[in-house]
């Protein structure tokens, strides 16, 4: 939140609302991105099969939508603003923080999903 203007200008209630609102939005973007990737690039055996294709597609959809949403909300709608502390991608004005979040969190979650699926497959073979 310190990278966004609401951190400096908003009330405690506005900061909490924005944090919750953005978290719910991120979960919805993640769910849609994964669902779209499974429909387009995956099949019924995911995550045991086609993990890399589905994961890459989901991450690209999530990052793409996030980049568009950040640009649209900051510069077109002016729904929110970046604080001066927010580093931006040169030439785009899009915040580095939301883009980094959309790389680190999904990669970690998808890797853990694959690992758990693999462990379950091994345990089924040995029982």
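The values are calculated or read from the model by the stated rules, or taken from the named source; none is laboratory data. Here the structure is a predicted model, which is why all the values come from computation and not from measurement. In this analysis, Cβ positions are derived from the backbone assuming ideal geometry, glycine residues included, and neighbour counts consider all displayed protein chains.
Yes or no: the stretch 1-22 includes at least one residue that is assigned to a helix (DSSP H, G or I) and within 23 Å of residue 112 (Cα to Cα). Step through it out loud before you land on a result.
Step one: list which residues in the stretch 1-22 are assigned to a helix (DSSP H, G or I), which gives 6-9, 12-22.
Checking which are within 23 Å of residue 112 (Cα to Cα) leaves us with none.
Taking every residue of the stretch 1-22 in turn, none turns out to be assigned to a helix (DSSP H, G or I) and within 23 Å of residue 112 (Cα to Cα).
From the list 104, 74, the lone residue that is in a helix (DSSP H, G or I), in contact with a strand residue (DSSP E or B) (Cβ under 9 Å, 6 or more places away or on another chain) and closer than 18 Å to residue 3 by Cβ is 74.
Of everything in the stretch 35-58 that's modelled with pLDDT of 90 or more and crowded, with 19+ Cβ neighbours inside 10 Å, which residue is nearest to residue 113 (Cα to Cα)? By that ranking, first place goes to 55. Might you let me know whether the stretch 82-99 holds any residue that is in a helix (DSSP H, G or I), touching a residue at least 40 places away in the same chain (Cβ under 8 Å) and closer than 17 Å to residue 25 by Cα? Within the stretch 82-99, one or more residues are in a helix (DSSP H, G or I), touching a residue at least 40 places away in the same chain (Cβ under 8 Å) and closer than 17 Å to residue 25 by Cα.
Restricting attention to the stretch 37-45, does a residue exist that is out of contact with any strand residue (DSSP E or B) (no Cβ under 6 Å at 6 or more places or on another chain) and in contact (Cβ under 8 Å) with a residue 40 or more places away in the chain? No: the stretch 37-45 contains no residue that is out of contact with any strand residue (DSSP E or B) (no Cβ under 6 Å at 6 or more places or on another chain) and in contact (Cβ under 8 Å) with a residue 40 or more places away in the chain. Against the list (1) over 20 Å from residue 1 (Cβ atoms); (2) modelled with pLDDT under 95; (3) loosely packed, with under 11 Cβ neighbours inside 10 Å, the condition residue 114 fails is (3).
For the stretch 82-111, which positions are over 27 Å from residue 37 (Cβ atoms) and surrounded by fewer than 15 Cβ atoms within 10 Å (Cβ to Cβ)? Once the filter is applied, which keeps residues that are over 27 Å from residue 37 (Cβ atoms) and surrounded by fewer than 15 Cβ atoms within 10 Å (Cβ to Cβ), the stretch 82-111 yields 84, 85, 87, 90, 91, 93.
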